[in-house]
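Okay, so here's the structure we're looking at.
The values are calculated or read from the model by the stated rules, or taken from the named source; none is laboratory data. This one's a predicted model, so the numbers in the text were calculated from it and none came from an experiment. Note: ideal-geometry Cβ built from the backbone for every residue, glycine included; neighbour counts use all protein chains shown. Protein only, heavy atoms only, side chains kept; ligands, DNA and RNA dropped before computing areas. Shrake-Rupley method; radii C 1.70, N 1.55, O 1.52, S 1.80 Å.
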Amino acid sequence: MDAEVVIIGAGPAGIQAAIHSARKKVATVMVGKPRNSAMHGTEIENYFGFQGVQSGSGMLDNGIEQARSSGCQFIDSNVLSLSKSEKGFSVRIENGTEICARSLVLATGMTRVKLGVPGETQFGFGKGVSYCATCDCNFYKQKVVALVGGQSEAAVDAEFMTRYASKVYWIAPAFDADPALVEVADRSGVIRITASVTEILGDSKVNSVKLSNGETVELDGVFIELGGKSSVDLAMEIDLMPEMDDTLKIDRNCATAVPGVFACGDVTGKPWQVAKAVGEGAVAGLAAADYAKKAVQ
């Protein structure tokens, strides 16, 4: 199967890249599973042009239809491997199909590091477990929350959540964050608990966590801040090496160090926001289309 641009990932960054690439009148294929997007099953309330809370899943569905109407072919599948080819790149998907392309857009997102305890999966998708404090802070105004994780990112977000929540716990078996950040969190009123979370409890939503010291803490939300590991294994197959934090480095045109390969969205780093993902997606889609056109001139 031949294409000019292949976009890997069907989240907000990938979808926007697909829309812009297809509108450039180049043969564009987007491969991915929208249900794997961090946006799927969530509620969005801080995106330009939309008043109130929006369905993340609904926005993804609408975006895919926009991409299709612009001329993009969408394949609901995972990508198994990438390789360089005479034409440019070869993309192999789950059913064994190989797609040849002149340029690629990597919009694979981030896979959040999970806590791995009972209740974590059950209470995801808007039911009280989150992996992004800046994304979901408004849902916890005057509520009780916990930040789980002992690194600096957890320290920063614990202090940040004191501006929204009525009470903030910071729970970790050890607090290995920068001492200055720990001090800031302490001064802001964060309550530190030295323990591990062993279970997340609730009914329809989270209402408490069970700790390794035997204590149960009542709360409304749990923010898991254990860092994130990006889906960059595919990038390494085409000699594109990630940064130390597993993100992909890009320039102003969302181009990576490998000619013809562009990246956008969460995989390029923070902030993990829909607005940032969509903006980069637009740039990457246009740049990939322009690259593909030049490749045949």
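Under a GNM of the chain (C-alpha, springs under 10 Å), which listed residue has the highest mean-square fluctuation: E43, E153, E215?
E215
Over the range 221-297, what percent of the accessible surface lies on carbon and sulfur atoms, probe 1.4 Å?
So the carbon and sulfur contribution to the accessible surface is 55 percent.
Is there a quick way to get the dipole size of the range 1-144? I mean about its Cα centre, with the Cβ of Lys and Arg at +1 and of Asp and Glu at -1; what is the value in debye to the nearest 20?
220 debye
Relative contact order for the chain: what percent, with Cα pairs under 8 Å and sequence separation of 6 or more?
23 percent
No partner Cβ under 4.7 angstrom, meaning no disulfide-compatible partner by this rule: which Cys of the chain qualify?
Here C72, C100, C137, C254, C264 come out as lacking a disulfide-compatible partner, given the Cβ-Cβ threshold of under 4.7 Å.
Which value in deg cm²/dmol, rounded to the nearest 500, describes the helix-derived mean residue ellipticity at 222 nm for the chain, given -39,500 (n - 2.57) per DSSP H run of n ≥ 4 and division by the residue count?
It comes out at -7500 deg cm²/dmol, rounded to the nearest 500.
What's the carbon and sulfur percent of the range 64-162's accessible surface, probe 1.4 angstrom, rounded to a whole number?
Here it works out to 47 percent.
For the range 29-37, take each phi angle, set θ = phi - 60°, evaluate the Karplus expression 6.51 cos²θ - 1.76 cosθ + 1.60, and give the result in whole Hz per residue in order, putting x for glycine and proline.
10, 10, 10, x, 10, x, 5, 8, 5
Loop-only check: which trypsin sites (Lys or Arg not before Pro) in the range 51-110 are DSSP coil with at most 16 other Cβ within 10 angstrom?
K87
Round to the nearest 0.05 the FRET efficiency obtained for Q142 and D239 when R0 = 41 Å and r is the Cβ-Cβ distance.
Computed FRET efficiency for Q142 and D239: 0.25.
Over what distance in Å are the Cα centres of the range 244-281 and the range 40-74 separated?
Result: 20 Å between the Cα centres.
Could you tell me what a quarter of the Cα convex hull surface of the range 65-121 works out to, in nm² with one decimal place?
With the hull built on Cα positions only, its mean projection is 6.3 nm².
Restricting to Cα pairs below 8 Å that are 6+ residues apart, what does the relative contact order work out to for the range 225-297? Please round to a whole percent.
About 23 percent, as a whole number.
For the chain, with a Gaussian network of springs between Cα atoms less than 10 Å apart, report the residue from G119, G227, G32 with the top mean-square fluctuation.
G119
Mind giving me the nanometre distance, one decimal, between the label points for T216 and R187, set 7 Å out from Cα along Cα→Cβ?
Rounded to a tenth, the inter-label distance reads 3.7 nm.
Give the Kirkwood hydrodynamic radius (Å, one decimal) of the chain, defined as one over the mean of 1/r across all pairs of different Cα atoms.
20.1 Å
In sequence order, what are the phi-derived ³J(HN,Hα) couplings for the range 107-124 according to the Karplus relation 6.51 cos²θ - 1.76 cosθ + 1.60 with θ = phi - 60°, rounded to whole Hz, with x for glycine and proline?
10, 7, x, 10, 9, 5, 5, 8, 6, x, 10, x, x, 5, 6, 4, 9, x
How much accessible area per residue does the chain have, counting only protein heavy atoms and a probe of 1.4 Å, in square angstrom?
46 Å²
Would you kindly find the accessible area of D178, with a 1.4 Å probe and non-protein molecules such as ligands, DNA and RNA excluded, rounding to the nearest 10 Å²?
So the heavy atoms of D178 present about 70 Å² to solvent.
If you put +1 on each Lys and Arg Cβ and -1 on each Asp and Glu Cβ, how big is the dipole of the chain around its Cα centre, in Debye rounded to 20?
The dipole of the chain has a size of about 800 debye.
Relative to the Cα centre, what is the charge dipole magnitude of the range 82-238, using +1 at the beta carbon of each Lys and Arg, -1 at the beta carbon of each Asp and Glu, and rounding to the nearest 20 debye?
Dipole about the Cα centre, nearest 20: 380 debye.
Expressed in nm to one decimal, what extension gain is obtained for the pair S166 and E45 from 0.36 nm per residue of sequence separation less their Cα-Cα distance?
41.5 nm
Going by alpha carbons, how many degrees (0 to 90, nearest 10) lie between the helix axis of 274-295 and the longest principal axis of the chain?
With both axes taken from Cα atoms, the answer is about 20 degrees.
Report the trypsin sites (Lys or Arg not before Pro) located in the range 224-297 that are in a DSSP loop and have at most 11 other Cβ atoms inside 10 Å of their Cβ, or state none.
Sites meeting the loop and neighbour criteria: R252.
List the chymotrypsin sites (Phe, Trp or Tyr not before Pro) within the range 3-52 that fall in a DSSP loop (any state other than H, G, I, E or B) and whose Cβ has at most 13 other Cβ atoms within 10 Å.
Answer by residue number: F48, F50.
F125 versus D76, label points 7 Å from Cα toward the beta carbon: distance in nm?
1.4 nm
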